[in-house]
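Written out below as structure tokens is the structure these notes cover.
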Amino acid sequence: MRVVVVGAGIAGLAAAWELTRTGGVDVTLLESERRAGGVIVTEHVEGFVVEGGPDGFLASEPELPELANELGIGDHLVGQGARGTALWTGKALEPIEEGRAAQLLGIDASSAEVKAGFRSFANGMGEPVAALAERLAGTLRLAQGVAGLVRRGSRWHAAITGGSAHDADGIVLALPAYATGRLLESVGVTHARVLAEVVYVPSITVSLAYRTDQIGGPLTGAGFVVDRNIVGAQHATLRACTYASQKFPGRAPDGHVLLRAYLPAIDDGPANVAHAELAAILGIRGEPLWSRVFYWNRGLPRYRARHAEHVAAVRARLRRLPPLAIAGAGYDGAGVSACVRSGREAARLIAQAMAR
């Protein structure tokens, strides 16, 4: 039996990994980009660990530790160091509950989950991605995007951009909701266009490195958020800042600080904007040693009303087709753990459907 997993973000990687562990399944994992991982991007720059996407996961969630143990990197997990979040009011940084900070940032988590803290990996969130890509090397095909999907009896035919194709007994679509919606509509899944209504919010993250002596005073906690309702639309572009070198260990060499700024989509010099606003708030002297900008034209999804109901309706229609499942941040939660869980559940669903 052959399964094609489309999309090698963390959900697709988890789905492919689960299928390979099932046994008796020939898996092909297709990714349109030239790297796996999707929004998970970790870079190592001059002794710094720089995250372009998510920098960790909720410590209360078991999916990443379980996966890490299976991959042999369970001992690479690290806990959160500095705790606590402040609110920039336009005049001062004032402590607030971490649950409120998560709410302001649109993080879908309960106050209790946020209070339990976050975890990550010693070398960044790219570690589980690299470990999965290594173990799936025989199945992973980079720079192979799916241009079309056709039903052929009880099987699927996936056309690849450039002219090749793959035939499969089952398909896992681990793609953004808007891409999945187009493919499902092409095979006659009515109302699949509702998936295109999942809004992926554009954003920019900027990592900036400094010497410790450039910072005007001690950094308290793990970072701060900016409440736009309090500050007013004309104050700052900055939405939040993580003190990355304090949040998790090993993110910066001794005597240095790594900050991570979160900005909306802007056209002009996000690194300069981030530095100027952070300098004003934190009393930073001089220019950053370097900066790294990550642009996310379609970043985290934001669910609309009745999202779960719409996704359930689409999944119900999929049961009338040859084995096909959907997985990823667009459906079951945007966090890394939720994506791992979504991918593995999709894989189990496909395996069960093909075993009938």
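The values are calculated or read from the model by the stated rules, or taken from the named source; none is laboratory data. Remember, predicted model here, so these are calculated numbers, not experimental data. With ideal geometry, Cβ positions are generated from the backbone for all residues, glycine too; neighbour counts draw on all protein chains shown. Accessible surface is based on the protein model in full, side chains and every heavy atom, while ligands, DNA and RNA are left aside. Shrake-Rupley method; radii C 1.70, N 1.55, O 1.52, S 1.80 Å.
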Handout entry: Accessible area of region 209-340 belonging to carbon and sulfur atoms, whole % at 1.4 Å probe
Key = 50
Exercise for the section: Roll a 1.4 angstrom probe over the protein heavy atoms and tell me the percent of accessible area of region 1-159 that is carbon or sulfur. Expected result: 48
Problem - trypsin sites (Lys or Arg not before Pro) restricted to region 49-103 and DSSP loop, no more than 12 other C-beta within 10 Å - result: K91
Completion exercise
For the chain the mean separation of alpha carbon contacts under 8 Å (6+ apart) over residue count, i.e. relative contact order in percent, is 24
Fill in the blank from the handout: Residue-normalised 222 nm signal for the chain, counting each DSSP H run of n ≥ 4 as -39,500 (n - 2.57), nearest 500 deg cm²/dmol, is -9000 deg cm²/dmol
Problem - Solvent-accessible heavy-atom area per residue, rounded to whole Å², over the chain at 1.4 Å - result: 44
Exercise for the section: In debye, nearest 20, what is the charge dipole magnitude of region 293-356 about its Cα centre with +1 on Lys and Arg Cβ and -1 on Asp and Glu Cβ, if you could check? Expected result: 200
Completion exercise
Taking the alpha-carbon centre of each part, the distance from region 135-183 to region 332-356 in Å is 17
Exercise for the section: Could you please report the charge total around E43, scoring K, R as +1 and D, E as -1 over all other residues with beta-carbon less than 11 angstrom from its beta-carbon? Expected result: -1
Problem - Cα centre as origin, Lys/Arg/Asp/Glu Cβ charges: region 1-55 dipole, Debye - result: 320
Problem - Neighbour cut-off at most 12 other Cβ (10 Å), DSSP loop, trypsin sites (Lys or Arg not before Pro), region 150-250 - result: none
